[in-house]
Amino acid sequence: MDFEFSAEVKTLQEKVKAFMDEFIYPNEAIFFEQIDANRKNGNAWIPTAIVEESKAKAKERGLWNLWRPKAHGGTLSNLDYATLCEIMGRVFWAPEVFNCSAPDTGNMETILRYGTDEQIKTWAEPLLSGDIRSAFLMTEPAVASSDATNIQCRIEKSGDHYVINGRKWWSSGAGDPRCKILIVMGKTDPDGADRHKQQSMILVPADTAGVKVERALTVFGYDDAPHGHMEVSLTNVKVPASNILLGEGRGFEIAQGRLGPGRIHHCMRIIGQAERALEIMCKRLKERVAFGKPVAEQSVWHERIAESRIMIEQARLLTLKAAYMMDTVGNKEARAEIAMIKVIAPNMAQTIIDWAIQAHGGGGVCQDFPLAWMYAWNRSLRLADGPDEVHRSQVARLELKKYS
């Protein structure tokens with residue numbers, strides 16, 4: 001593996017770092033102030049002015065759609081982009097500024113890879129320009145969605161249309177007034193012999209009759225405004241048959257193709273947050289005095305700082321290896337590494353953020369520092385894109401297969 005990056009990538013790394021220093025870190029408090037103002041005015045889901053203003057600046061500096069795969073007009077490999085994800089991920093709302101946030105990146109890539117020319121023109125191009133946003137509706141409240149074959153949402157053919165009925169939740173961004181398109185996963189052939197070919201994905205305009213955002217879900221009490229995570233009902237939702245992606249029975253296949261790059265992005269953003277938590281922790285420990293000496297001089301913190309550095313480096317190297325393998329041998333050959341990083345990265349970050357909270361005492365769990373929010377966000381990512389147990393099971397099966 002060669003982790004020596006090109007001059008282009010090194011330049012982008014410095015540009016993104018400089019942008020974060022100039023426009024993101026100084027405006028963290030303003031971001032939350034604007035959310036609070038929107039919430040008091042009765043609509044927490046209105047986009048914040050600071051993010052929209054920053055988007056214009058990112059476009060001006062050529063820092064837009066950095067995620068875009070080479071096969072669809074981009075210039076960066078998965079490995080290249082992974083390093084930029086880490087930098088952007090240090091502040092949870094920063095990726096949106098660069099049009100590099102979930103679920104839009106996954107949805108754009110899905111439509112670019114599997115959509116027709118008309119679907120790309122109608123939906124992917126406005127997403128790429130940042131004119132609209134999107135949501136991905138897969139997880140359901142009534143079944144264990146860690147097994148995607150459990151999905152109960154029905155997509156039934158009716159003449160030259162499909163009719164959709166079901167209930168989804170954790171539909172991130174579905175409450176955003178700019179959300180114009182939903183990618184919905186459901187069953188077109190619930191009785192099919194192959195459980196992995198029962199599902200399909202279909203494009204549903206968000207304003208279609210029968211689509212209803214039922215409520216916003218909280219994460220450890222946070223509403224995650226203005227993005228949010230919604231529960232959505234679909235009642236006799238009727239869309240043209242041409243809205244199906246790739247064809248009936250291809251939903252599981254599309255999901256696997258969609259989630260591989262997204263897991264790299266998530267894990268590198270998590271590593272960025274872990275780095276920032278360690279940085280904040282070290283500064284705090286050097287500032288505080290307890291029992292007659294700086295807290296940083298107490299041996300328990302030496303252990304935690306050292307262990308944090310070791311865990312971050314391990315997680316980063318394995319994530320970069322997974323990205324490198326995706327670039328060189330493909331997603332299928334990298335599936336064990338992708339599963340491993342999805343376990344390692346959020347668990348690593350959760351431990352380090354918890355130590356950082358401990359170093360801050362009461363301050364660590366209040367709004368004066370980003371640690372409490374980081375902890376909640378990272379804990380939820382041990383469930384997003386599949387829980388730890390599913391990924392560990394896959395790694396174990398692949399390992400045992402070597403000895404068949």
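Where a number appears in this text, it was derived from the coordinates with a stated rule and is not lab data. Worth saying up front: this structure is predicted, and the values here are computed from it rather than measured. Positions of Cβ are backbone-derived with ideal geometry, glycine not excepted, and every protein chain shown enters the neighbour counts.
Once percent of Cα pairs over 39 Å apart is worked out from the coordinates, which option in [x] 10; [y] 17; [z] 45 does it equal?
Structure-derived value, by its label: [y].
What is the helix-to-structure angle for 49-60, meaning the angle in degrees between its Cα long axis and the longest Cα principal axis of the chain, kept from 0 to 90 and rounded to the nearest 10?
In the chain, helix 49-60 runs at an angle near 90 degrees to the longest axis.
For Tyr222, Tyr114, what's the fewest-to-most ordering of other Cβ within 10 Å of each Cβ?
Tyr222, Tyr114
Tell me, Lys197, Lys402, Lys10 in order of fewest to most beta-carbon neighbours within 10 Å?
So the residues, fewest neighbours to most, are Lys402, Lys10, Lys197.
Report the extension gain between His72 and Lys402 in nm, rounded to one decimal, defined as 0.36 nm multiplied by the number of residues separating them, less their alpha carbon distance. Can you show the working numbers first?
Working: separation 330, 0.36 × 330 = 118.80 nm, distance 3.52 nm.
Computed gain between His72 and Lys402 is 115.3 nm.
Quick check: from the Cα gyration tensor, does segment 84-189 come out rounded (a/c under 1.5), prolate or oblate?
Working: a/c = 2.25, a/b = 1.40, b/c = 1.61.
Because a/c hits 1.5 or more and a/b fails to exceed b/c, segment 84-189 counts as oblate.
Multiply the residue separation of Ala193 and Tyr222 by 0.36 nm, subtract the distance between their alpha-carbon atoms, and state the gained length in nm to one decimal.
Full extension of this stretch gives 6.3 nm more.
For the residue pair Lys212 and Thr149, what label-to-label distance in nm results when each label sits 7 Å from Cα along the Cα-to-beta-carbon direction?
Calculated label separation equals 3.3 nm.
Given labels modelled 7 Å from the Cα in the Cβ direction, how far is it in nm from Glu287 to Ser242?
5.9 nm
How much FRET efficiency would the formula 1/(1 + (r/R0)^6) give for Glu118 and Asn165, where r is the Cβ-Cβ distance and R0 is 30 Å, rounded to 0.05?
Result of the calculation: an efficiency of 0.75.
Pairs of lysine in segment 252-401 with Cα under 25 Å and at least 8 positions apart or on different chains: total?
Pairs that pass both the separation and distance tests number 7.
Computed FRET efficiency, Cβ-Cβ of Ile310 and Lys40, R0 30 Å: what is it to the nearest 0.05?
Taking R0 as 30 Å, the efficiency between Ile310 and Lys40 is 0.10.
Hey, any idea what Rg/Rh is for segment 336-380, computing Rh the Kirkwood way over Cα pairs?
1.09
Which cross-chain or sequence-distant (5 or more) residues have an amide H under 5 Å from the amide H of Gly210, H modelled 1.01 Å from N in plane?
none
Once Lys and Arg get +1 and Asp and Glu get -1 on their Cβ, which of Ala241, Gln367, Trp301 lies farthest toward the positive end of the dipole of the chain?
Trp301
May I ask you to sort Ile280, Ile270, Ile181, Ile132 by Cβ crowding, counting other Cβ atoms within 10 Å and putting the fewest first?
Ile132, Ile280, Ile181, Ile270
Taking the Cα centre of each part, how many Å lie between segment 241-278 and segment 187-207?
18 Å
Specify the inter-centroid distance of segment 120-152 and segment 337-354, based on alpha-carbon positions, in whole Å.
For segment 120-152 versus segment 337-354, the Cα centre distance is 24 Å.
Taking the highest mean first, how do the peptides 319-325, 164-170 order by number of other beta carbon atoms within 10 angstrom per residue?
Descending mean neighbour count gives 319-325, 164-170.
Relative to the longest principal axis of the chain, what angle (0 to 90°, nearest 10) does the C-alpha long axis of helix 371-380 take?
40 degrees
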